[in-house]
Every structure is written in structure tokens, then in C-alpha cells.
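Rule-based calculations on the coordinates, nothing more; no lab input. Everything numeric in this text was worked out from a predicted model, so none of it was measured. Reconstructed Cβ throughout: ideal geometry from the backbone, glycine too, with neighbour counts over all protein chains shown.
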Ligand code: 5FU
């Protein structure tokens, strides 16, 4: 059966990528497939959220370029809380440029993303060279420090009128298959296992991890084109991890909210693997 019909622990035991194994192990251990999108704009808010939501999440998703006082303290604090609560860090930087530029954006620079982010993502709009360039950084020799690293390809987007569809999405899957040691999965609204192209088709045992953004229990969207589905719907369509931002951090009680997303996400997962 396809990967999404199997339990996280079954997938962990078979997967060849150490980071994916860890991700699935965390999900199973903490009984959560929630990624919180912690889109707050100060280090204090970010670290407070990470600490209080930490027990209920598998991954924290950051946009550190919106943190107005980003510094070494932000990084040290995030890493400490990731260890304390056993979650992974996903920087949603969406690299989208020529290889030479994305290498400098990933490694070094103002944000030093390669030093602390387990997971990053990119668009394949520039072509396969972007994946190659990021993979080189993650495996380069001057680079033994830092976390285990993996890449998600931005195969679809949740905003109204998104152009990340059709041939773009198919090419995303092709590049994931071509670079499957470094590409751990997709940002998409559904499982992409069925996608076939002239170039590639699914190999036996293929297991890409699906992260789905645009998840909210009480809203259908926002005034700027965001479109939401519920945790249950996302998981039924093939999400392995649901990503929720405002639904959690902007709730009057974020801890109570994250528990609701955790329960709905986990119940939907149990339903999916029981089928
Ligand atoms: F790639 C994508 C996408 O297609 N839709 C998104 O919403 C990324 N996102 C991110 O997920 C976006 O940048 C936010 O960080 C987050 C959604 O936040 P929300 O508050 O749950 O709408």
C-alpha cells in the first residue's frame, strides 16, 4: 500500500533517511502530527510560543526574516527548546533563485539557516539546479556541525490563484525523485504519489513526507487569498503533517487550541491508517 496508509512507526522503520525516521518517531512518541507556524515578530514571542506549544507539536515552522530582533539569542533559544520538547525546526524561507545565490542564503548570511534548521523548502521554479545547490551545502565537508538536514519541495500553494499547479507540480515530484536523498517530501495540499511524468514514476517503497499548510478549524480563509481546510480534510487528502499558524497562535488560548489541532489531526491519522 502507499506510504500514507501506513503508520508513522512502520514508515520510520523502513525509511532510509535519518531525519525522516526521527520525524516519524517524534510523531509517534508525542502522538502529534501538528506543525505550528509560529509567525510572530519578536524573539520573546517566538520562544514563548515554542515553549508552551512544544509538548504538542512535532515541528515548529519559522519565518525568521519576520523576527524584528533576530539574533544569536533567537537561534540559541530555539535550539534549546527543540531539544527540551523534542521537535524539529523548519525554516519556511522558500528559496527561489539561482544555485549560487541560494547557497549563500542557506549557509551563512544574516540568518545562518543551515546551522539550526532541520528542514528547509524551495520552489523549483528556477529548475533542478536549486535542489542540487542546496543539497551540496547540506552535505559539504566544511559542515559537520548543525542538525541533520532535509528539503521539502514547494509543490503547491494554498493561496487563491496559485500557479504552482499542473506541470510545475509534476516537475516538483520529478526533482524529488531525482534527489531523494536530500528531498524528504513536499509542501502540498494532498499526497502526490500518483503523479507520473515522462521523466519519472513512483518507485517501489517511495515515501515522501507531505506537509500541508492552510489548515484552520474555524476559518475558511483570509482577506489576502489564503484558503483553509480542516485538519481532518488535510489528513484525509494525504497530509502527514498539518501546518497551522493563526488558528493556533492567534487563538485566545494557544495551548488549548494546539491541543484541539493535535487531537483532530491524530484522530484523522488513526482513521486513515485503519482503513
Ligand atoms: F507554501 C505555503 C502555502 O502555500 N501556504 C501557506 O500558508 C506556505 N504557507 C505558510 O503557512 C505561510 O507563509 C504561513 O507561514 C503559514 C500559514 O499561516 P496561517 O496563519 O495558518 O494562514
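Estimated at 0.36 nm per residue, the fully extended path between residue 66 and residue 52 surpasses their Cα-Cα distance by 3.0 nm. Mean separation of Cα pairs under 8 Å and 6 or more residues apart, divided by the residue count, gives the stretch 87-141 a relative contact order of 44 percent.
DSSP assigns beta bridges within the chain; of those with both partners inside it, close to 5 percent run antiparallel. For the stretch 105-216, calculate the relative contact order in percent as a whole number, restricting contacts to Cα pairs under 8 Å that are 6 or more residues apart. The normalised contact order for the stretch 105-216 reaches 22 percent.
For residue 2 and residue 206, the difference between the fully extended length at 0.36 nm per residue and the C-alpha to C-alpha distance is 72.6 nm. With the Cα gyration tensor of the stretch 1-141 giving a ≥ b ≥ c as the square roots of its eigenvalues, does the rule (a/c under 1.5 for rounded; else a/b larger than b/c for prolate; else oblate) give rounded, prolate or oblate? Because a/c hits 1.5 or more and a/b fails to exceed b/c, the stretch 1-141 counts as oblate. Packing, as the average of other Cβ atoms within 10 Å across residues, places the peptides 181-193, 64-76 in the order 181-193, 64-76, highest first.
What is the calculated FRET efficiency for residue 140 to residue 222, with r their C-beta to C-beta distance and R₀ = 45 Å, to the nearest 0.05? That pair, residue 140 with residue 222, gives E of 0.70. Each Cα pair under 8 Å and six or more residues apart adds its sequence gap; the mean of these over the residue count of the chain is a relative contact order of 20 percent. With R₀ set to 35 Å, the beta-carbon distance separating residue 44 from residue 132 gives a calculated FRET efficiency near 0.35. Compute the whole-percent fraction of alpha carbon pairs in the chain spaced more than 30 Å apart. The answer is 23 percent, as a whole percent. Between residue 13 and residue 76, the modelled label-to-label distance comes to 4.2 nm, taking each label 7 Å out from Cα in the direction of the beta carbon. Would you mind estimating how fast the stretch 1-80 diffuses translationally, via Stokes-Einstein at 4 °C and 1.567 mPa s with the Kirkwood radius over Cα pairs, in µm²/s? The estimated diffusion coefficient comes to 93 µm²/s. Quick check on the stretch 146-233: take the gyration tensor over C-alpha atoms, sort the square-rooted eigenvalues as a ≥ b ≥ c, and tell me if it's rounded (a/c under 1.5), prolate or oblate. The shape class here is prolate.
Would you please classify the overall shape of the stretch 48-97 from the alpha carbon gyration tensor, given that a ≥ b ≥ c denote the square roots of the eigenvalues, rounded means a/c under 1.5, and beyond that prolate means a/b larger than b/c while oblate covers the rest? It comes out oblate by the Cα gyration axes. The helix-only estimate of mean residue ellipticity at 222 nm for the chain, built from DSSP H runs of length n ≥ 4 each weighted as -39500 (n - 2.57), is -12000 deg cm²/dmol after division by the residue total. Here, the stretch 97-217 has an Rg and a Dmax of 14.5, 44 Å when only alpha carbons are counted.
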